[in-house]
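Student: Input: one structure, supplied below.
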Amino acid sequence: MNLQNPNPCQRPALHYEQLASDKVQCGVCERRCTIAPGNRGVCGARKNLDGKLIVLTYGDISSISANPIEKKPLFHFYPGSRALTIGSWGCNFACPWCQNWSISKRHANPSQCNHLSPQDFIEEVHRTGCQGTSFSFNEPTTAFFEYALDVMPIAHNAGLYNTFVSNGYMTASTLRRLAEAGLDAMNIDIKGCRTAVQKLCKIDTEKVWSTAQLARDLGIWIEVTTLVIPGFNDSNRCLAQIAHRIHDELGEEVPWHVSAFYPAYKAREHGLNTPTPTSTLEHAYALGKKAELFHVYLGNVPGNTSENSYCRQCNALLIKRRTYDITLVHLDRQGACKKCGSSNHFIFS
């Protein structure tokens with residue numbers, strides 16, 4: 001590889017195969033793009049340079065903010081803590097409703113590298129008083145895989161946790177590497193049911209479910225989010241199917257966040273014009289409870305009591321939430337209900 005004027009945001013990529021005619025096949029996400037010399041993969045973050053794959057977004061920061069962990073959303077992982085959250089450029093999905101389209105639909109520009117070294121990132125975590133890291137805003141797998149592998153061990157050595165907010169389209173080998181490096185928790189986006197998601201997002205949802213199952217098996221704490229979009233995934237059949245699959249394939253203790261949709265980016269071009277009624281989210285909540293999920297939460301509806309956490313056994317109020325402000329009520333720091341003693345699967349340390 002011949003990198004003229006070396007750019008700190010450009011590094012040799014991991015997980016790819018060299019093919020004939022100097023093509024490469026990327027193995028970081030399940031698209032497994034075959035990339036000809038001079039071209040990029042679908043995500044825009046990985047480029048074939050002289051028959052070798054490079055990542056263009058190593059530590060290239062488009063967005064950074066100190067966020068409550070509840071914003072991920074992760075409600076059962078270090079409640080009340082804050083994670084320094086970073087994003088980069090590009091995405092491997094084609095969702096027309098993307099809320100962060102200004103960065104996810106824009107490819108990295110090598111001439112505008114905004115590099116933050118792994119060590120400087122961890123120093124910034126401490127400076128901002130955060131308790132962990134979060135890779136989010138756009139899909140972190142394709143943009144930050146190599147960077148995260150370098151950041152996460154440093155974070156663990158400093159007593160910090162590591163989280164991903166992901167569409168879950170990573171390959172098994174990628175996820176295993178992340179787990180080995182110190183990935184502690186993930187929020188995984190289950191966008192809907194197979195046919196509709198294939199049509200608009202151009203991906204196979206079964207691979208997302210496989211990622212969630214493997215993450216659970218690797219000991220990574222997982223929570224699931226579904227953005228409930230009228231006319232796309234709000235049918236009784238689709239929502240009930242998601243709820244039952246979480247219960248049967250991931251576990252009854254896995255929280256399910258059903259969040260309100262507001263039209264953004266190109267959603268209206270696909271007839272997705274209607275914000276999600278609260279009644280639809282409440283119906284999804286009821287379906288989750290009918291599927292015997294312990295914890296179902298409404299998102300993007302501040303003040304709704306379904307933001308709160310209740311004991312799965314005695315229904316005591318465990319955590320009261322108002323958007324990202326939380327109050328521990330009947331929950332101790334071992335994750336048990338103070339009233340009945342039942343475990344409710346919270347992680348504090």
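A short reminder: the numbers here are calculations on the coordinates, not readings from a lab. The shown structure was predicted, so the numbers you read here are calculated from the model rather than taken from an experiment. Methodologically, a virtual Cβ is constructed for each residue, glycine included, from the backbone with ideal geometry; neighbour enumeration extends over all protein chains shown.
Student: Enumerate the lysines that Lys105 could reach by cross-link, defined here as Cα to Cα under 16 Å, with residues fewer than 8 away along the same chain left out.
Tutor: Excluding near neighbours in sequence, the set is Lys202, Lys266.
Student: For Ala66 and Lys290 in the same chain, what is the full-extension length gain: residue separation times 0.36 nm, less their Cα-Cα distance, in nm?
Tutor: On the way: separation 224, 0.36 × 224 = 80.64 nm, distance 3.59 nm.
Full extension of this stretch gives 77.0 nm more.
Student: For segment 122-264, calculate the relative contact order in percent as a whole number, restricting contacts to Cα pairs under 8 Å that are 6 or more residues apart.
Tutor: Values: 202 pairs, mean separation 27.9, N = 143.
In percent, rounded to a whole number, it is 20.
Student: What does the net charge come to around Phe232 if you take all other residues with beta carbon closer than 14 Å to its beta carbon, with K and R at +1 and D and E at -1?
Tutor: Charge balance in the 14 Å sphere: +3.
Student: Find the relative contact order for the chain and round it to a whole percent, using C-alpha pairs within less than 8 Å whose residues are 6+ positions apart.
Tutor: It comes to 13 percent, rounded to a whole number.
Student: What is segment 308-349's relative contact order, in percent, from Cα pairs under 8 angstrom and six or more apart in sequence?
Tutor: Taking the mean separation of contacting Cα pairs over the length of segment 308-349, I get 30 percent.
Student: Farthest toward the dipole's positive end in the chain, which of Leu298, Phe144, His126, given Cβ charges of +1 (Lys, Arg) and -1 (Asp, Glu) about the Cα centre?
Tutor: Positive-end residue among those listed: Leu298.
Student: Enter the angle in degrees (range 0 to 90, nearest 10) between the Cα long axis of helix 172-181 and the first principal axis of the Cα atoms of the chain, meaning the one along which they spread out most.
Tutor: 80 degrees
Student: I've got another one for you. Order of Ser117, Ser306 from fewest to most other C-beta atoms within 10 Å?
Tutor: Exposure proxy ranking, most exposed first: Ser117, Ser306.
Student: What does the chain give for Rg and for Dmax, in Å, if only its C-alpha atoms count?
Tutor: Spelled out, the Cα radius of gyration and Dmax of the chain are 20.1, 67 Å.
Student: How big is the dipole moment of segment 11-55 about its Cα centre under a simple scheme where the beta carbon of each Lys and Arg is +1, that of each Asp and Glu is -1, and everything else is neutral? Debye, nearest 20, please.
Tutor: The dipole magnitude comes to about 140 debye.
Student: A follow-up question, please. Which FRET efficiency value, to the nearest 0.05, is calculated for Asp50 and Asp325 with the Förster distance at 56 angstrom and r the Cβ-Cβ distance?
Tutor: Here the calculated transfer efficiency is 0.60.
Student: On full extension of the chain, what length is gained from Asp120 through Ser21, given 0.36 nm per residue of separation minus the C-alpha to C-alpha distance? Mind dumping the intermediate values first?
Tutor: Details: separation 99, 0.36 × 99 = 35.64 nm, distance 3.94 nm.
In short, 31.7 nm is gained.
Student: Still on this structure, I have one more. Going by how many other Cβ atoms sit within 10 Å of their own, how do Thr278, Thr205 line up, fewest first?
Tutor: Thr278, Thr205
Student: May I pose another question? Which net charge results for the neighbourhood of Lys23, defined as the other residues with beta-carbon distances under 14 angstrom from its beta-carbon, given Lys and Arg at +1 and Asp and Glu at -1?
Tutor: +2
Student: Next up: So what are the three principal axis dimensions of segment 1-144 from its Cα atoms, in whole Å, longest to shortest?
Tutor: That works out to 53, 34, 24 Å along the principal axes.
Student: If you wrap a convex hull around the alpha carbons of segment 11-55, what volume per residue comes out, as a whole number of Å³? List each step's numbers first, then the result.
Tutor: Details: hull volume 2.5 nm³, N = 45.
Measuring per residue, one finds 55 Å³ for the Cα hull of segment 11-55.
Student: I need the trypsin sites (Lys or Arg not before Pro) found in segment 274-349, filtered to DSSP loop residues with at most 10 other beta carbons within 10 Å of theirs.
Tutor: Details: sites: Lys289, Lys290, Arg312, Lys320, Arg321, Arg322, Arg333, Lys338, Lys339; in loops: Arg312, Arg333, Lys338, Lys339.
Passing both the DSSP loop test and the Cβ count: Arg333.
Student: Sorting His156, His126 on the 10 Å Cβ count, fewest up front, what's the list?
Tutor: Ordered by Cβ neighbours within 10 Å, fewest first: His126, His156.
Student: Only Lys, Arg, Asp and Glu count, each charged at its Cβ (+1, +1, -1, -1), so figure out the dipole size of the chain about its Cα centre, rounded to 20 debye.
Tutor: It comes to approximately 600 debye.
Student: Any chance you could run the full-extension gain for Ala94 through Gln313? It's 0.36 nm times the residue separation minus the Cα-Cα distance, nm to one decimal.
Tutor: Net length gain for the segment: 74.8 nm.
Student: Quick one: give the max-minus-min coordinate of the C-alpha atoms of segment 308-349 along each principal axis, largest first, in Å.
Tutor: Here the Cα extents, ordered largest to smallest, are 26, 24, 12 Å.
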